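What follows draws every value from the coordinates through simple rules; no lab data is involved. Bear in mind that the values here come from a model prediction, so they are computed numbers and not experimental data. Note that each Cβ is placed from the backbone with ideal geometry, even for glycine, and that neighbours are counted across all protein chains shown.
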């Protein structure tokens, strides 16, 4: 990049770190790849394994078939459940049909599932902070009996909620939320219901928090920020919001082809990051495309080191 012709306008790229794949996404993708090695193609996957078209297309090319319902899975073939988690009824139905299944649910999501069960067993009603319709929310609601959990999406929801028993409440959260927004909702719930039971440790996952902190560190120094991620990726959308909250224009793009050079016309310092389900190859692709129009100087801004890795399900370690 540094030997670009002098005629190109200069562009400093501040690249956030950590960015891109988290341990849960890594694990989910490896589970699908190992399942294909072990069982042979096709291997069925219920829902996109992670929210990224490039990743999903790559797995399709290797022999994965993505479906939205177990009814679309034929008898006698293995099925993988996505990293976002599934309601209990799904593995139960797979067992009923005698299907081999592999659960690629992120361990941090599974941790929230277990907490939900414990709170309901303790007789508490759960206020679940999350986004309606997101697969993780559907999966978590599906861990407990109907009517034992209520969805809270905003501070307004937290203010308006009227419980049957205000002294018997707990709250949990989706793992991919905005840290700042969630803190405001939690503060509202704790003010209104002082005895509400909080989760043990933070539900918002380390990778979501780290990526948001990294974006905050670069946003104020940038004229604009690009976030590489999918439009249905909750954690990627939150990164756009974090940058905008710092007063910096930000946009979500999926691939280098989505770069709007008109939008970059007056930008001399561009921030770049990637959501937790976007691979590093897409970051390099974006950097290279920008380098065709600008004399790029890259600077990585690291705010944390990530060393977490999750174990694979038994039987897949050596596949």
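Which angle from 0 to 90°, rounded to the nearest 10, does the C-alpha axis of helix 280-291 make with the longest principal axis of the chain?
Result, in degrees: 30.
Among 261, 161, which comes first, then next, by fewest other beta-carbon atoms within 10 Å? It would help to have the intermediate numbers written out before the result.
Working: 261 12, 161 18.
Lowest to highest Cβ neighbour count: 261, 161.
Rank these for me by crowding, 131, 47, going from fewest to most other beta carbons within 10 Å. Intermediate values should be presented prior to the final figure.
Numbers: 131 15, 47 21.
Final ranking by Cβ density, sparse to dense: 131, 47.
Kirkwood hydrodynamic radius for the chain: how many Å is it when counted over pairs of different Cα atoms?
So the Kirkwood estimate lands at 21.0 Å.
Using a Gaussian network for the chain with springs between C-alpha atoms less than 10 Å apart, which of these wobbles most: 38, 53, 200?
In the Gaussian network model the winner is 200.
Nearest 10 degrees, 0 to 90: what angle lies between the long axis of helix 179-192 and the longest principal axis of the chain (Cα atoms)?
Relative to the chain, helix 179-192 is tipped by roughly 40 degrees.
How big is segment 188-319 on each of its three principal axes, counting only the C-alpha atoms and giving the largest first in Å?
55, 50, 26
Stretch residue 268-residue 88 to full length: gain in nm at 0.36 nm per residue minus the Cα-Cα span?
Computed gain between residue 268 and residue 88 is 59.8 nm.
For residue 179 and residue 307 in the same chain, what is the full-extension length gain: residue separation times 0.36 nm, less their Cα-Cα distance, in nm? List each step's numbers first, then the result.
On the way: separation 128, 0.36 × 128 = 46.08 nm, distance 2.10 nm.
So the chain would gain 44.0 nm between residue 179 and residue 307.
Springs between alpha-carbon pairs under 10 angstrom, Gaussian network model over the chain: which of 217, 17, 187 fluctuates most?
Of 217, 17, 187, the Gaussian network model singles out 187 as fluctuating most.
Hey, rough spin-label estimate for residue 132 and residue 165, points 7 angstrom out along Cα→Cβ, what's it come to in nanometres?
The answer from the label model is 2.8 nm.
Distance between the C-alpha centers of segment 151-189 and segment 70-126? Whole Å please.
24 Å
Based on the Cβ-Cβ distance from residue 187 to residue 241, what FRET efficiency comes out when R0 is 25 Å, to the nearest 0.05?
Rounded to the nearest 0.05, the efficiency is 0.85.
Listing 79, 283 from the residue with the fewest other Cβ atoms within 10 Å to the one with the most, what is the order?
So the ranking, lowest neighbour count to highest, is 283, 79.
Per 0.36 nm of contour for each residue apart, how much would the distance between residue 39 and residue 157 grow if the chain were fully extended, relative to their Cα-Cα spacing?
Working: separation 118, 0.36 × 118 = 42.48 nm, distance 4.65 nm.
Full extension of this stretch gives 37.8 nm more.
When the C-alpha atoms of segment 107-192 are aligned to their principal axes, what extent does each axis show, in angstrom, from largest down?
The Cα atoms of segment 107-192 stretch 28, 28, 18 Å along their principal axes.
Given the Cα atoms of segment 23-103, and with Rh set as the inverse mean 1/r over their pairs in the Kirkwood sense, what is Rg to Rh to two decimals?
Ratio of gyration radius to Kirkwood radius for segment 23-103: 0.93.
Can you grab the distance from the C-alpha centre of segment 234-273 to the C-alpha centre of segment 277-314, Å, no decimals?
15 Å
Determine the percent antiparallel among the DSSP beta bridges restricted to the chain, to the nearest 5.
0 percent
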